[in-house]
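Data first, discussion second: the structure below is written as structure tokens.
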Amino acid sequence: MTEHGAWLPTECPVASDEEIDRVAEFLARGRVLVLTGAGCSTESGIPDYRGPITRLRPRTPLTWQAFADDLELRRRYWARSFVGWSSFRDARPCAAHRALVALESASIVQMLLTQNVDGLHERAGHQAHLELHGSLWRATCPDCGHVIERNELQEILARRNPEWARCGRRALMAPDGDADVDGGGLTDFALAPCPSCGGDRLKPGVVMFGESVPHAVREASLAALSDCAGLLVVGSSLSVYSGFRYVQRAAQQRIPACLVNIGLPVRGGELFSLRVDGRAGDVLVRAARRVGAIDSLDIGHHRVGHARYPSNTRAPG
Ligand code: NAD
Ligand code: ZN
């Protein structure tokens, strides 16, 4: 574990004051659309896929077709998800999420799109946002459309797998809200039947590889892009097309784009007019302070301090 958590090296690049000035200038123009990726949550302790540490151990993404067709694979997925859920559930928003809330409260960020499925923007108090890839906080039945809260599902799984619940198996957190569980027995894990139709294909409430972003979400997000004056991408390798699409469209519509990311993205680097190599938590807090959206020093630790919240927003816990 380094000072930035388990998923980032101690030696992360640090943006210069000149770079922060340029990000602040970009933000000060207002009407910003933000697109976040897994890198926005690494400082909350959730691993990404292709960061400086995680790319050394690439994962095979779960495809919808394999999940739907293969009962054993579903057992393994839910066993690992059962073990990983408590760490995922307990993750808290980090400085990056809170700086984005402050920028929204200051009417600089007008909409946020996230590729993340951890619910941390909402938990931080972000108002206008869309989850492009759904959320792990719920599970759905592909056969009847039933939706169940993930916490409720955890209780059902615990009742059906008392030995797993009793031994309190813990393991290293993995990016899909699951855990890298070693050892056998995964295929003995009892699935929870759908509470509505009794089927055994409950799936996490996320867009898996091989599925598409829901039409309404896609339309709303593209409308938000057409309506913005600048696109700010935070912590994404842009290797997933459903995220990259916004950068491509922004370039087509001549909307300036800024990237805050550790390392270059997998593709599209040349489409950004401004690229800052640095930690999202550090860059966003410093830039938000520069534009006057934050006037407290303690955002990096526990709360946004005196950031201006709209009266209907609860402060992040
Ligand atoms: P990715 O792992 O492909 O890329 C993350 C990028 O962020 C990397 O380039 C990395 O170097 C950078 N990064 C890591 N920590 C950072 C930090 N603190 N500040 C700045 N940059 C940082 O992630 P992606 O592009 O979002 O694509 C992964 C897909 O997997 C997404 O579609 C998402 O749905 C899913 N995913 C979600 C979560 C989550 O919900 N937290 C986690 C892992 C993967
Ligand atoms: Zn069902």
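The values are calculated or read from the model by the stated rules, or taken from the named source; none is laboratory data. Worth saying up front: this structure is predicted, and the values here are computed from it rather than measured. Every residue, glycine as well, gets a Cβ built from its backbone with ideal geometry; the counts of neighbours run over all protein chains shown. Surface accessibility is based on the protein's heavy atoms, side chains included, excluding ligands, DNA and RNA. Shrake-Rupley method; radii C 1.70, N 1.55, O 1.52, S 1.80 Å.
How many percent of the accessible area of segment 67-122 is carbon or sulfur, using a 1.4 Å probe?
40 percent
Counting other Cβ atoms within 10 Å, keep those with at most 15, restrict to DSSP loop, and tell me which trypsin sites (Lys or Arg not before Pro) in segment 235-277 are left.
Sites meeting the loop and neighbour criteria: R254, R267.
Is any residue of segment 117-139 close enough, with backbone N under 17 Å, to a label point placed 7 angstrom from the Cα of D227 along the Cα-Cβ axis, and if so, which?
Of the residues in segment 117-139, 127-132 have backbone N under 17 Å from the label point off D227.
Okay, helix-only estimate at 222 nm for the chain: each DSSP H run of n ≥ 4 adds -39500 (n - 2.57), divide by all residues, round to 500 deg cm²/dmol; what do you get?
-10000 deg cm²/dmol
Quick one: Kirkwood hydrodynamic radius for segment 1-103, alpha-carbon pairs, angstrom, one decimal?
Every distinct Cα pair counted, the radius reaches 16.7 Å.
Working out 0.36 nm times the residue gap between R31 and Q248, then minus their Cα-Cα distance, what length gain in nm do you get to one decimal?
Gain in length upon complete extension: 76.3 nm.
Give me the one-decimal Kirkwood hydrodynamic radius in Å for segment 75-146, with the sum taken over alpha-carbon pairs.
With all distinct Cα pairs of segment 75-146 included, I get 13.8 Å.
Could you work out how far apart the two model spin labels at L73 and R160 are, taking each label as a point 7 Å from the Cα in the direction of the beta carbon, and quote it in nm?
1.9 nm
Quick check: Cα centre of segment 82-103 to Cα centre of segment 144-163, how many Å?
22 Å
What angle do you read, to the nearest 10 degrees and between 0 and 90, between the alpha-carbon axis of helix 71-90 and the longest principal axis of the chain?
Relative to the chain, helix 71-90 is tipped by roughly 50 degrees.
Extent of segment 200-267 along each principal axis, from alpha carbon coordinates, in Å, largest to smallest?
Result for segment 200-267: principal-axis Cα extents of 46, 29, 15 Å.
Report Rg/Rh for the chain, rounded to two decimals, where Rg is the Cα radius of gyration and Rh the Kirkwood radius.
Computed over Cα atoms, the ratio is 0.98.
Going by alpha carbons, how many degrees (0 to 90, nearest 10) lie between the helix axis of 215-226 and the longest principal axis of the chain?
10 degrees
Expressed as a fraction of 2.2 N^0.38 Å, the rule-of-thumb size for a compact globular protein of N residues, what is the C-alpha radius of gyration of segment 33-86?
That works out to 1.39 for segment 33-86.
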